[in-house]
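Data first, discussion second: the structure below is written as structure tokens.
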Amino acid sequence: MIITPNFDGVEGFVDTDTLKLIAVRNPKYGHVQLAFSGEGKSMNLAFASIRLHSNDRLVDAMAVMDDAGKLGDEIAKRWNANAPTEPALEVLHQLQDCADLVGLPSGASHSQIISAIRVKLTESL
């Protein structure tokens, strides 16, 4: 899936199909972040936080940090287990190349591209 973050000083898009999901423990703040990480990339794209405590006290956060970490690891494991294989990735990248042909921006989702291709094909009939 192509996503386009809106962060200051950051331009472009991220293809989550080519990235690995990781759980990053942050005991200083008492939570675990889920982030996309590319192989050999220096920056992680954090998008969710797991926090299993209701009070903003470090002692409460530390009491559940192991469980939050285990939950984050399990979510990441399941996401990565369902990641597309290399042949499927090739098809997805070829599909992204079709976005230009049907007049869509490069960050268009796969479903948008397929819908636009269907429209173009039915128009030509």
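Bear in mind that the values in this text are calculations on the coordinates, not laboratory data. Note that the structure is a prediction, hence the values are computed from the model and not measured. With ideal geometry, Cβ positions are generated from the backbone for all residues, glycine too; neighbour counts draw on all protein chains shown.
Charge dipole of the chain (Cα centre as origin; +1 on each Lys and Arg Cβ, -1 on each Asp and Glu Cβ, all else neutral): 340 debye, rounded to the nearest 20.
Reducing region 1-38 and region 110-125 to their Cα centroids gives an inter-centroid distance of 31 Å.
Arrange the following residues from fewest to most other Cβ atoms within 10 Å of their Cβ: S109, S37, S124.
Values: S109 14, S37 17, S124 6.
Final ranking by Cβ density, sparse to dense: S124, S109, S37.
Please compute the Kirkwood hydrodynamic radius over the chain, one decimal place, Å, based on all pairs of different Cα atoms. Please list the in-between numbers first.
Values: mean 1/r = 0.0590 Å⁻¹.
Here the Kirkwood hydrodynamic radius works out to 16.9 Å.
Across the chain, C-alpha contacts under 8 Å between residues 6 or more apart give a mean separation that, scaled by the residue count, equals a relative contact order of 21 percent. Of the trypsin sites (Lys or Arg not before Pro) found in region 1-41, those in coil by DSSP whose Cβ has at most 10 other Cβ atoms within 10 Å are K28.
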